[in-house]
Amino acid sequence: MYDLIIIGSGPAGLSAAVYGRRAGLSTLVIEKNPMSGGQVLNTYEVDNYLGLPGINGFDMGMKFREHAEKMEAEFMEADVEGIEDCGEYKAVLTAEGPRKARTVIIASGATHSHLGVPGEEELSGMGVSYCATCDGAFFREKTVAVVGGGDVAVEDAVFLARTCRKVYLIHRRDSLRAAHSLQKSMMALENVEICWNSVVERINGEENVKSVTVSGRDGTRRELDVQGVFIAVGIRPNSDCFIGNIAADEKGYLIAEEDCATSMPGVFAAGDIRTKKLRQIVTAVADGANAVAGVQEYLMGR
């Protein structure tokens, strides 16, 4: 029986592990992947985390893991299949059998939707990005493409247009889904060009992105010379196995406010998986600390 089980070992989960151990809680971290770090592992360079400008994403993930290990958090590699509320404890169901804890923090993150085109995976972190606010600064005075037509895609295009020489917005339809106010802001920018009724066929380059091949609904094909491709076609929380037992919004994010408490007593949600406005490394790390504060308050009230 553990005091705390943490599901996921990205920035939120590893932060929770450090704070949990500092609070004297016996802590088990369950991670489905062989390596900790979450999405940050696929980021070539992180330039917006306080005190560590320019750190490689892989190195950051390893540093976070080392810190948690130094605090003597226990780690287990397994797929989590769900959580059962057993009253005095929670049973975390895994492929290796159930693990029991008095409290649980779900920090299983979210996954960016991918295009599934040639070059996307190979050039991820080398010009292909899923976060304009994270990586946009690396493309100052360069030409980039944004793929998508919703609020995030249009916001990304406006954000990137401030510092990039030119921004292509590639959208598969003839109208955008983004809010009218966002569209109006983007349309007023001279360095944004919209490629209507178009899809990315492939992303080209070897060590870095060099161009994208775009095909139109009318059968035309063109190659755009770009140094970066920002993919904004949606994000999906890794919450499927928790839906039903824990309240979630219409998109599948677990409903939890700043205290990270979910609808199941003793279970907390931290990082990208919970309902929140900004999903960044720094907010995930903060969630880990807030969630442990909630865990301590819960345990003291038992």
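Where a number appears in this text, it was derived from the coordinates with a stated rule and is not lab data. Values in this document were obtained by computation on a predicted structure and should not be read as measured data. Every residue, glycine as well, gets a Cβ built from its backbone with ideal geometry; the counts of neighbours run over all protein chains shown.
Calculated FRET efficiency, residue 223 and residue 189, Cβ-Cβ r, R0 25 Å, to nearest 0.05? It would help to have the intermediate numbers written out before the result.
Numbers: r = 23 Å, r/R0 = 0.92.
E(calc), rounded to 0.05, equals 0.60.
Order these peptides, 200-211, 173-184, by their mean beta-carbon neighbour count within 10 angstrom, highest first. Provide the component values of the computation, followed by the final result.
On the way: 200-211: 17.2, 173-184: 13.8.
Answer by packing, highest mean first, reads 200-211, 173-184.
Given a cut-off of under 8 Å on Cα pairs at least six residues apart, what relative contact order in percent is computed for region 109-204? Please list the in-between numbers first.
Details: 140 pairs, mean separation 28.5, N = 96.
Rounded, it is 30 percent for region 109-204.
Which order do the peptides 81-94, 215-228 come out in when sorted by mean C-beta neighbours inside 10 angstrom, highest first? Walk me through the intermediate numbers first.
On the way: 81-94: 16.2, 215-228: 14.5.
Highest to lowest by the protection proxy: 81-94, 215-228.
Would you kindly state how much longer the chain becomes between residue 245 and residue 180 on full extension, computed as 0.36 nm times their sequence separation minus their alpha carbon distance, in nm to one decimal?
Numbers: separation 65, 0.36 × 65 = 23.40 nm, distance 3.67 nm.
Stretched fully, the residue 245-residue 180 segment lengthens by 19.7 nm.
Please label the shape of region 238-296 as rounded, prolate or oblate, based on the square roots a ≥ b ≥ c of the eigenvalues of the alpha-carbon gyration tensor (a/c under 1.5 means rounded; beyond that, a/b larger than b/c means prolate, else oblate). It would help to have the intermediate numbers written out before the result.
Details: a/c = 2.15, a/b = 1.20, b/c = 1.79.
Here region 238-296 falls in the oblate category.
How far is helix 57-70 tilted off the main Cα axis of the chain, in degrees rounded to 10, range 0 to 90?
Helix 57-70 sits at roughly 10 degrees to that axis.
For residue 251, give me every one of the aspartates and glutamates with a C-alpha distance below 18 angstrom, ignoring sequence neighbours fewer than eight places off in its own chain.
151, 240, 272
Once you have the Cα-Cα distance between residue 35 and residue 95, take 0.36 nm times their residue separation minus that, and quote the gain in nm to one decimal.
Details: separation 60, 0.36 × 60 = 21.60 nm, distance 1.79 nm.
That works out to 19.8 nm of additional length.
Nearest 10 degrees is fine. How inclined is helix 151-161 to the longest principal axis of the chain, computing both from alpha carbons?
60 degrees
So which cysteines of the chain have no other cysteine's Cβ under 4.7 Å from theirs?
86, 164, 195, 241, 260, each lacking another Cys Cβ under 4.7 Å.
Could I have the simple spin-label model distance between residue 197 and residue 50, label points 7 Å from Cα toward Cβ, reported in nm to one decimal?
Between residue 197 and residue 50, the label points sit 5.0 nm apart.
What lysines does residue 142 reach when the alpha-carbon gap must be under 22 Å and sequence neighbours fewer than 8 apart in one chain are set aside?
Result set, ordered by chain and number: 166, 210.
With the Cα gyration tensor of region 128-231 in hand, convert its eigenvalues to equivalent ellipsoid semi-axes via √(5λ) and list them largest first in whole Å. Intermediate results must be reported in sequence, preceding the final value.
Numbers: eigenvalues 71, 64, 23 Å².
Working from the Cα gyration tensor, I get semi-axes of 19, 18, 11 Å.
Placing +1 on the Cβ of each Lys and Arg and -1 on the Cβ of each Asp and Glu in the chain, which of 231, 260, 271 has its Cα farthest towards the positive end of the resulting dipole?
231
Could you tell me how many degrees, from 0 to 90 and to the nearest 10, lie between the Cα long axis of helix 281-300 and the main elongation axis, the longest principal axis, of the Cα atoms of the chain?
20 degrees
Given charges of +1 on the Cβ of Lys and Arg and -1 on the Cβ of Asp and Glu, with all other atoms neutral, how large is the dipole of region 128-231 about its Cα centre, in debye to the nearest 20? Don't skip to the answer; put the middle values down first.
Working: 14 positive and 14 negative charges, 37 e Å.
For this selection, approximately 180 debye.
Find which of 73, 131, 91 sits farthest along the positive direction of the dipole of region 65-203, computed with +1 on the beta-carbon of Lys and Arg, -1 on that of Asp and Glu, about the Cα centre.
Farthest along the dipole direction, towards plus: 131.
Just to be sure I understand the model, the point goes 7 Å from the Cα along the line to the Cβ. What's the resulting residue 210 to residue 62 distance in nm?
3.0 nm
Taking the mean number of other Cβ atoms within 10 Å as a proxy for protection, how do you rank 28-34, 49-55, 186-192 from highest to lowest?
Details: 28-34: 18.4, 49-55: 11.6, 186-192: 13.9.
Taking the mean over residues of other Cβ atoms within 10 Å, the ranking is 28-34, 186-192, 49-55.
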